[in-house]
Amino acid sequence: MLAAGVVLASWLLATPAGLLGKADAIGYAVCHRIDVRSFHLGARSLPLCARCTGIYLGAMLAMGSYQIIGRGRAGGFPKKAVLAAFILFGAIFAVDGVNSYMTLFPGLPHLYEPSNVLRLSTGLLAGVAMGTLVHAGLAQNAWKDWRPEPVLRDLRELGILLVGAAVIGGLALSGNPMILYPLALVSAGGVLVVLASVYTVMALLVLGQENRAASWMNLALPAVVGLTLSILQIGGIDLVRFALTGTWSGFTF
């Protein structure tokens, strides 16, 4: 626990001040943060680009929804129809990402003009898929009484999640600072939640504690290890990127 506190305190002291400053530092580790490909709070860009904002808002929507509807310990992966939809989401995400990347270099061909609306939308789709799979993986390794039922049962439930994603997308596109501020913090928090969930599963396996937790208290040690490893990864990338660029701002092209 002492080591975890030292890691967290060191990262907090070394990164920009304020909640948005810390959120920027999280986004800095996982996202290019190109200004024109991001939404803005006044003159400052959000901590994550439009696509990454969508990814982590979608992941938080999925993972939070499963907790709210009582499937926090459901660890079964979705059935084939839902997995097929996830593969489609991934393909759409990849096509739009490659097309958008091509426009960074004048003269290279691309299929269509990219936009932040498309980046956000494809990110939300990918995020819902990612959040679902991460949730299932964590549940089936963490809980003593995990249930093998699919965490997302069918296409109807996926449709309900996508309606929620559309609402979140609409809120992000509103441009209202009172809405964008919390969304910025939630999306950056989503990076920590996803990374910490993955590292927590790794910690459970390494420590030989898989399927032993009966409560969140029992999960405290591997969760702290997972969060600490997440901060170490983010901080390490922050350090390297800052050493190379000398700025907390996004890449410029």
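The values are calculated or read from the model by the stated rules, or taken from the named source; none is laboratory data. All values derive from a computational prediction rather than experimental measurement. Reconstructed Cβ throughout: ideal geometry from the backbone, glycine too, with neighbour counts over all protein chains shown.
I want to confirm something. Restricting to region 223-253 and keeping residues that are buried (at least 20 other Cβ atoms within 10 Å of the Cβ) and without any contact (Cβ under 8 Å) to a residue 60 or more places away in the chain, which single residue is nearest to ARG44 (Cα to Cα)?
The selected residue is SER230.
Within the group LEU133, LEU125, which residue is out of contact with any Ser or Thr (no Cβ under 8 Å at 6 or more places or on another chain), in contact (Cβ under 8 Å) with a residue 24 or more places away in the chain, surrounded by fewer than 20 Cβ atoms within 10 Å (Cβ to Cβ) and in a helix (DSSP H, G or I)?
Answer to the selection: LEU133.
Can you name every residue in region 142-159 that is over 11 Å from ARG71 (Cα atoms) and either more than 20 Å from the chain's Cα centre (by Cα) or small (Gly, Ala, Ser) (or both)? Explain how you work it out, then say what you get.
In the first step, residues of region 142-159 are kept if they are over 11 Å from ARG71 (Cα atoms); the result is 142-145, 154-159.
Residues satisfying the conditions are ALA142, TRP143, LYS144, ASP145, ASP154, LEU155, ARG156, GLU157, GLY159.
Taking only pairs six or more apart or across chains, which ones have beta-carbon atoms under 9 Å, a first residue in region 188-202 that is closer than 16 Å to TRP216 by Cβ, and a second residue that is aromatic (Phe, Trp, Tyr)?
Close Cβ pairs satisfying both conditions: VAL193/TYR56.
Please enumerate the residues belonging to region 37-93 that are among the basic types (Lys, Arg) and under 30 Å from GLY21 (Cβ atoms).
ARG37, ARG44, ARG51
Out of region 220-253, which residues are closer than 29 Å to LYS144 by Cβ and within 21 Å of the chain's Cα centre (by Cα)?
Residues satisfying the conditions are PRO222, ALA223, VAL224, VAL225, GLY226, LEU227, THR228, LEU229, SER230, ILE231, LEU232, GLN233.
Could you tell me how many of the residues in region 1-36 are surrounded by 17 or more Cβ atoms within 10 Å (Cβ to Cβ) and more than 17 Å from TRP248 (Cβ to Cβ)?
Counting residues in region 1-36 that are surrounded by 17 or more Cβ atoms within 10 Å (Cβ to Cβ) and more than 17 Å from TRP248 (Cβ to Cβ) gives 1.
Whether any residue in region 90-105 is modelled with pLDDT of 95 or more, in a helix (DSSP H, G or I) and closer than 24 Å to THR200 by Cα is what I want to check.
no
So, in region 37-54, of the ones that are surrounded by 13 or more Cβ atoms within 10 Å (Cβ to Cβ) and among the aliphatic types (A, V, I, L, M), which residue ends up modelled with the lowest pLDDT?
For region 37-54, the residue satisfying everything is LEU41.
So, in region 95-137, of the ones that are in contact with a helix residue (DSSP H, G or I) (Cβ under 7 Å, 6 or more places away or on another chain) and among the charged types (D, E, K, R), which residue ends up farthest from LEU61 (Cα to Cα)?
ASP96
If a residue must be closer than 10 Å to HIS135 by Cα and without any contact (Cβ under 8 Å) to a residue 40 or more places away in the chain, how many such residues does region 48-68 contain?
Qualifying residue count, region 48-68: 2.
Please list, ordered by first then second residue, the pairs with beta carbon atoms under 7 Å, 6 or more apart or interchain, first in region 138-149 and within 11 Å of ALA213 (Cβ to Cβ) and touching a residue at least 12 places away in the same chain (Cβ under 8 Å), second of a type in the set (D, E, K, R) and surrounded by fewer than 22 Cβ atoms within 10 Å (Cβ to Cβ).
Close Cβ pairs satisfying both conditions: ALA139/ARG73; ASN141/GLU210; TRP143/ARG73; LYS144/ARG212; ASP145/ARG73; TRP146/ARG73.
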